[in-house]
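Reading through the structure tokens given below for one structure.
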Amino acid sequence: MLTKRENLLETLRGGKPDRYVNQFEPFAMIRTPYLANNPSPKPGQELVVNAWGVTRSWPEGTPGAFPVHDAAHVVCPDVTKWRDTVHAPNVVFSDAEWAPFLKDAAAVDRSDRFVTLGVYPGIFEQCHYLMEIQNCLISFYEEPEAMHELIDYLTEWELHYAEECCAKLKPEVVFHHDDWGSQQSTFLSPAMFAEFYLPAYKKVYGYYKEHGVQLIVHHSDSFAATLVPYMIEMGVDIWQGVMRTNNIPELIAKYGGQITFMGGVDSASVDFPGWTPEVVEKEVRETCEACGTRFFIPNTSQGGPMSTYPGVYEAVSAEIDKMSRKMFG
């Protein structure tokens, strides 16, 4: 039986995995001093201000924390004056501050799992966290020069953070969040995405791969099928959170071997009040049968090994194990 690590690599390479990679099982998520010093709300908490000055709340029954964008809380109401209000937080910490996180990394059996660095939010999300999404999207048209400047500033911060993490933590995988669309469409046209964000991500993901990171896992639980060529160009190995609206079997047929697709079990279809094992079984079975066993990892679309309602993630994992026995013989 292959280790979790070996099974993932066989899946990505189109080799001979002996079962499905079961959701996030190959990834040992390790925190950093920056994350420990970047306040984030827990479910039910309101108005928590993070290291960038962004206020977020996490209402009960929702899948994650969201920025608060009334007039009193928007960090950057005018992108042409972003330098006055956007201030990047510190990423340099002492050896003593790094010590507990390096201890966690040292405890990972790297022959079985990958030491994984989580980065969130991504560069696009950080823009609309700071600005409010409507103002952000309008500014791509009305203030493109200022948007380029802000994106460059955020990119340089990410590169500085990457430098510290690679030097200290030596991650093997980077799990990077950045939602690029709704369930129906991308927020930006492919051409506009390529102009504003492709160069930034090529720099960031390129840096990680030049400094010891083996795999880039990018989370976007949205429609983003039209951006897959850019994901490949920027160095993404796994698109996590891919939803059924993207026609995953078609994407696998077209791009399998260049990128692997992780998702297919839309969280909204299984993670709700009153969910049942029967609902989970149906969704997992249909997803696995439709997507097959090559270049595909069944997973809920939520961006982490978690669920909004207790027991859902574990129930999905149990059904994936059942489908492994069916699909791999």
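When every residue of the stretch 280-288 is checked against the conditions, none turns out to be open to solvent by 20 Å² or more (accessible area, probe 1.4 Å) and of a type in the set (A, V, I, L, M).
Where helices (runs of 4 or more DSSP H) fall entirely within the stretch 56-168, those with at least 3 residues that are of a type outside the set (V, I, T) and within 24 Å of the chain's Cα centre (by Cα) are at 95-106, 123-131, 133-142, 144-168.
Scan the stretch 82-89 and give yes if some residue there is over 29 Å from P171 (Cα atoms), at pLDDT 95 or above, crowded, with 20+ Cβ neighbours inside 10 Å and not basic (K, R), otherwise no. Scanning the stretch 82-89 turns up at least one residue that is over 29 Å from P171 (Cα atoms), at pLDDT 95 or above, crowded, with 20+ Cβ neighbours inside 10 Å and not basic (K, R). Sub-8 Å Cβ pairs linking a first residue in the stretch 128-139 that is at negative phi to a second residue that is hydrophobic (A, V, I, L, M, F, W, C) and open to solvent by 40 Å² or more (accessible area, probe 1.4 Å), at least 6 apart or interchain, are H128/L137; I133/F187; L137/F187, ordered by first then second residue.
When the stretch 215-255 is filtered for residues that are touching a Leu at 6+ places or on another chain (Cβ under 9 Å), of a type in the set (S, T, N, Q) and closer than 18 Å to L8 by Cα, nothing remains.
Per the listing G303, G264, the residue uniquely under 24 Å from L215 (Cβ atoms), in contact (Cβ under 8 Å) with a residue 40 or more places away in the chain, open to solvent by less than 50 Å² (accessible area, probe 1.4 Å) and not in a helix (DSSP H, G or I) is G303.
Scanning the stretch 216-233 for residues that are farther than 15 Å from G263 by Cα and open to solvent by 10 Å² or more (accessible area, probe 1.4 Å) yields T226, P229, Y230, I232, E233.
Of the residues that make up the stretch 32-47, is at least one open to solvent by 70 Å² or more (accessible area, probe 1.4 Å), assigned to a loop (DSSP other than H, G, I, E, B) and on the phi > 0 side of the Ramachandran plot? Looking through the stretch 32-47, at least one residue is open to solvent by 70 Å² or more (accessible area, probe 1.4 Å), assigned to a loop (DSSP other than H, G, I, E, B) and on the phi > 0 side of the Ramachandran plot. The condition of being assigned to a loop (DSSP other than H, G, I, E, B) and over 30 Å from P199 (Cβ atoms) holds for only one of R294, R325, R285, that being R294. When Q184 is tested against (1) polar (S, T, N, Q); (2) open to solvent by less than 10 Å² (accessible area, probe 1.4 Å); (3) in a loop (DSSP other than H, G, I, E, B), just one condition goes unmet, and that condition is (2). Of all residues in the stretch 2-24, none are open to solvent by 70 Å² or more (accessible area, probe 1.4 Å) and either part of a strand (DSSP E or B) or in contact (Cβ under 8 Å) with a residue 40 or more places away in the chain (or both). The sole residue among A51, A96, A107 that is touching a Pro at 6+ places or on another chain (Cβ under 7 Å), without any contact (Cβ under 8 Å) to a residue 60 or more places away in the chain, surrounded by fewer than 18 Cβ atoms within 10 Å (Cβ to Cβ) and aliphatic (A, V, I, L, M) is A51.
Of all residues being within 18 Å of Q183 (Cα to Cα) and hydrophobic (A, V, I, L, M, F, W, C) in the stretch 267-279, which is surrounded by the most Cβ atoms within 10 Å (Cβ to Cβ)? Just the residue, please.
Here the answer is V270.
Could you tell me whether the stretch 123-138 includes any residue that is surrounded by 15 or more Cβ atoms within 10 Å (Cβ to Cβ), aliphatic (A, V, I, L, M) and within 25 Å of H211 (Cα to Cα)? Yes, there is a match, as at least one residue in the stretch 123-138 is surrounded by 15 or more Cβ atoms within 10 Å (Cβ to Cβ), aliphatic (A, V, I, L, M) and within 25 Å of H211 (Cα to Cα).
Within the stretch 289-299, being open to solvent by less than 10 Å² (accessible area, probe 1.4 Å) and over 22 Å from G64 (Cβ atoms) holds for one residue alone: F296.
The values are calculated or read from the model by the stated rules, or taken from the named source; none is laboratory data. Predicted, not measured: the structure shown is a model, and the values here were computed from it. As a convention, Cβ positions derive from the backbone with ideal geometry for all residues, glycine included, and neighbour counts pool all protein chains shown. Just the protein is used for accessible areas: all its heavy atoms, side chains included, with ligands, DNA and RNA removed. Shrake-Rupley method; radii C 1.70, N 1.55, O 1.52, S 1.80 Å.
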